[in-house]
Amino acid sequence: MCGIIGYVGFRNAREILLEGLKRLDYRGYDSAGIGLISDKLIVYKEVGEIEKLEKQVPAINTTAGIGHTRWATHGGVTKANAHPHTDCKKKIAVVHNGIIENFKELREELINRGHKFTSDTDTEVVAHLVEEAYDGCLEKAVSSAIKKLKGSYALAFVSKDEPDKIVAARKESPLVIGVGDNEYFVASDIPAFLKYTNRVIYIEDGEKCILSRKGVKIFDENDKEIEKDINVVDWSIEEAEKAGFSHYMLKEIYEQPRSIADSFRGRIYEKEPHVTLNVDVEVPESITIVACGTSFYAGLAGKYMFEEIADIPTKTELSSEYRYLGRKDETGLIIAISQSGETADTLAAVRGAKKYGCKVLAITNVVGSSLTRIADYTILTRCGPEIGVAATKTFTAQLLMLLMLALDMGLKKGTIEDARVEEYITHIKKLPSYIQYVLNRNEEIKRIAEEIKDKETVFFIGRGINYPLALEGALKLKEISYIHAEGFAAGELKHGPFALLTEETPVVAVVARDKTYEKMLANIREVKARNSPVVAIADEKDMDVESYVDEVIRYPVTPPVISCIPIAVVLQLLAYHAANLRGCPIDKPRNLAKSVTVE
Ligand code: F6R
């Protein structure tokens, strides 16, 4: 998730762009750059925070330009990979947020036609494609170039030969125009220009726009000019950074249809090879997953995936305990899961494993993090920065990466048939709509959160792959609402926890119509026999469950492994609303930090 900005008007573009980038740095901040345009195109880039870039850019007074703050997905964190990217003649510059899925083929074709590349990014192909199509009209060249792109993009271009113009285009990545008086802005998000104007035009998929000092023109995907409404936003900058949501956590929950699509984009296919995660890891004899907190629960779910799909014996260990465990298997693969890539316990576990000669695969959201530097292989979850302390979008992406890795290994090992993989791929592609199905039930989930918000204790139960989901549901609730919550394997209640059940202890039961179904219903009946209220999270076609429980929250019918992801979203919303109704500081719960860098 990167941030882009463009400005054309009468003010100093250097100031506007740098200021806008600072406002967008919540979208990513590993490197940044700006391209200023007058009679020449001048590009400045720097690794690190925007302030470092600011020190490097001299006080040039131009009144148009584009800028970018990067969160790496293709290519490491280097100055060469920072945006803007330019064509061979350094006449055209582009900034991009999104992922170009077919960049490898395009890059090869362009190199064969003599283009010289200076970065490892997917974006640079776009600059060269525009260069090829350019005959003095930037919008025409952009129109022709983007027809060749597969993937997602919000793009903004400038050309040295048309210094008063910015052309921008959008497909599946956010893009919004700011309308001032004789000045215009284009950006990934409103905070980038809100100080100057609160009049905005939302650009939709397939639309393109041309900004100049004279105004904005917008075109549909057939290049026909269209009229669009100007909306007035009355948000403060702080509210705008949360896109109007009351907390970052809620914004990040709602981002999941997009973040999950970014996670699988360009990595899955209906036909062979089905999954390409670009890690050259051999199928191991065994797997040990190490992680903490929410990432640990993703790892517990991963155990079910690797064992069921790829028939690989898998253990999931808490990073902080791993060092105390005796036998380390150097023929096995260590998978370290960490959103931040900086969790001290996980880094210590990985260093320990490497001493025994184990190979380490990292699943993380942060390119260039300490974990990626120690690991032998890295899979990025590609969610963009997560600001709320409670992990949400990164958890669902971790689940998906584990599933895709299990499918890849299962295929290589021959433990899963092609047809079943195809079925999984079809469902993975539908995940954004499955998540949206749950988000559409927000009001219903909020109503149920009302019922638990004043309870002292809430239990979460699940079986099979939904046992880790129950643990995660409890963790989410306790960390942000401060309600005491416990997650249990449903079969374990009778071995002790039953003693705590009263009619004041709600039990949230994650129900799946798989091999655990009958046993789960029996467990729910046992709970009801103690008069505890039960909220079931069940699929939309499961009518039987209704007769056993007090409330049902629905998720769409999918294979059980896939359904973990929409179920996780139900649990996130339930925790969010309970905490919000209690007036808790959701984005910064007491005593907790986003990145835990002490052991
Ligand atoms: C809970 C949460 C934490 C983290 C844990 C590990 O919502 O976010 O439990 O999951 O601190 O952090 P990472 O994944 O960065 O290693």
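I'd like the FRET efficiency for Asp164 and Phe245, computed as 1/(1 + (r/R0)^6) with the beta carbon distance as r and R0 of 41 Å, rounded to 0.05.
Plugging the Cβ-Cβ distance into 1/(1 + (r/R0)^6) gives 0.65.
With every protein chain left in place, what is the accessible area per residue of the chain in square angstrom, probe 1.4 Å?
For the chain, the solvent-accessible area averages 39 Å² per residue.
Considering only Cα-Cα distances, which of the following residue pairs are longer than 21 Å: Lys140/Lys160; Lys45/Lys217; Lys40/Lys89; Lys171/Lys208?
Those over the limit are Lys45/Lys217.
Considering only the other residues whose Cβ falls under 12 Å of the Cβ of Asn440, what net charge follows from Lys and Arg at +1 and Asp and Glu at -1?
-1
Within the stretch 137-160, name every residue whose backbone N is under 11 Å away from a label modeled 7 Å from Cα of Lys214 along the Cβ vector.
No residues fall inside that zone.
Taking only DSSP H segments of four or more residues, each worth -39500 (n - 2.57), what value at 222 nm results for the chain once the sum is divided by all its residues, to the nearest 500 deg cm²/dmol?
Result for the chain: -11000 deg cm²/dmol, rounded to the nearest 500.
If r is the Cβ-Cβ distance from Lys150 to Lys494 and R0 is 35 Å, what FRET efficiency results, to the nearest 0.05?
The formula returns an efficiency of 0.10 here.
Near the amide H of Val534, under 5 Å away, which other amide H atoms are found, from residues 5 or more places off or on another chain, if H is placed in the peptide plane?
Correct list: Val507, Asp550, Glu551.
Looking at the stretch 242-438 only, what percent of DSSP beta bridges run antiparallel? Nearest 5 please.
Antiparallel: roughly 5 percent of the beta bridges in the stretch 242-438.
So, with a 1.4 angstrom probe, what is the percent of accessible area on the chain that is carbon and sulfur?
48
If the cut-off is 12 Å between C-alpha atoms, which aspartates and glutamates fall inside it for Lys453, apart from same-chain ones fewer than 8 positions away?
The qualifying aspartates and glutamates are Glu504.
Mind listing which chymotrypsin sites (Phe, Trp or Tyr not before Pro) in the stretch 102-202 are in a DSSP loop and have 16 or fewer other Cβ atoms within 10 Å?
Phe117
Report, in listed order, any pair from Lys429/Lys528; Lys22/Lys393; Lys55/Lys214 with a Cα-Cα distance greater than 26 Å.
Lys429/Lys528; Lys55/Lys214
How about the stretch 1-81: which GluC sites (Glu not before Pro) there are in a DSSP loop, with at most 16 other Cβ atoms within 10 Å of their Cβ?
For GluC sites (Glu not before Pro) across the stretch 1-81 that sit outside H, G, I, E and B with at most 16 neighbouring Cβ atoms in 10 Å, the list reads Glu49.
Work from the charge dipole of the chain (Cβ charges, +1 for Lys and Arg, -1 for Asp and Glu, about the Cα centre) and give the residue of Gly299, Ala72, Phe498 farthest towards its positive end.
Ala72
Where does the charge balance sit around Gln56 when Lys and Arg score +1, Asp and Glu -1, over other residues with C-beta under 9 Å from its C-beta?
+1
Ignoring everything but the protein chains, give the 1.4 Å probe accessible area of Arg323 in square angstrom, nearest 10.
120
Which percent, to the nearest 5, of DSSP beta bridges fully inside the chain are antiparallel?
Antiparallel bridges: around 60 percent, rounded to the nearest 5.
Compute the signed sum of charges (Lys and Arg +1, Asp and Glu -1) over the other residues within less than 13 Å, Cβ to Cβ, of Ser246.
Net local charge, Ser246 excluded: -2.
With the cut-off at 1.5 for a/c, could you classify the chain from its C-alpha gyration tensor as rounded, prolate or oblate?
prolate
Starting from the Cα of Lys116, draw a straight line to each of the aspartates and glutamates and keep only those under 13 Å, dropping any in the same chain fewer than 8 residues away.
Counting by Cα, and skipping residues close in sequence, Lys116 has these aspartates and glutamates nearby: Asp87, Glu108, Glu124, Glu131, Glu132.
In square angstrom, rounded to the nearest 10, how much accessible surface does Cys88 have for a 1.4 Å probe?
50
Using a Förster distance of 22 angstrom, determine the FRET efficiency expected from the C-beta separation of Lys104 and Asp205, and round it to 0.05.
In this case the efficiency is close to 0.40.
Test of the criteria: in the stretch 383-439, which GluC sites (Glu not before Pro) are in a DSSP loop and have at most 12 other Cβ atoms within 10 angstrom of their Cβ?
Glu417
List residues of the stretch 247-287, by number, whose backbone nitrogen lies under 12 Å from a label position 7 Å along Cα→C-beta of Asp376.
Correct set: 280-286.
Could you derive backbone 3J(HN,Hα) for the stretch 133-146 from the dihedral phi with the Karplus parameters 6.51, -1.76 and 1.60 (θ = phi - 60°), listing whole Hz in sequence and x where the residue is Gly or Pro?
Once rounded to whole Hz, the list reads 8, 7, 10, x, 10, 4, 5, 5, 5, 5, 4, 6, 5, 6.
The values are calculated or read from the model by the stated rules, or taken from the named source; none is laboratory data. Just so we're clear, the structure is a prediction, and the values are computed from it rather than from any experiment. Note that each Cβ is placed from the backbone with ideal geometry, even for glycine, and that neighbours are counted across all protein chains shown. Heads up: the accessible areas ignore ligands, DNA and RNA and are worked out on the full protein's heavy atoms, side chains in. Shrake-Rupley method; radii C 1.70, N 1.55, O 1.52, S 1.80 Å.
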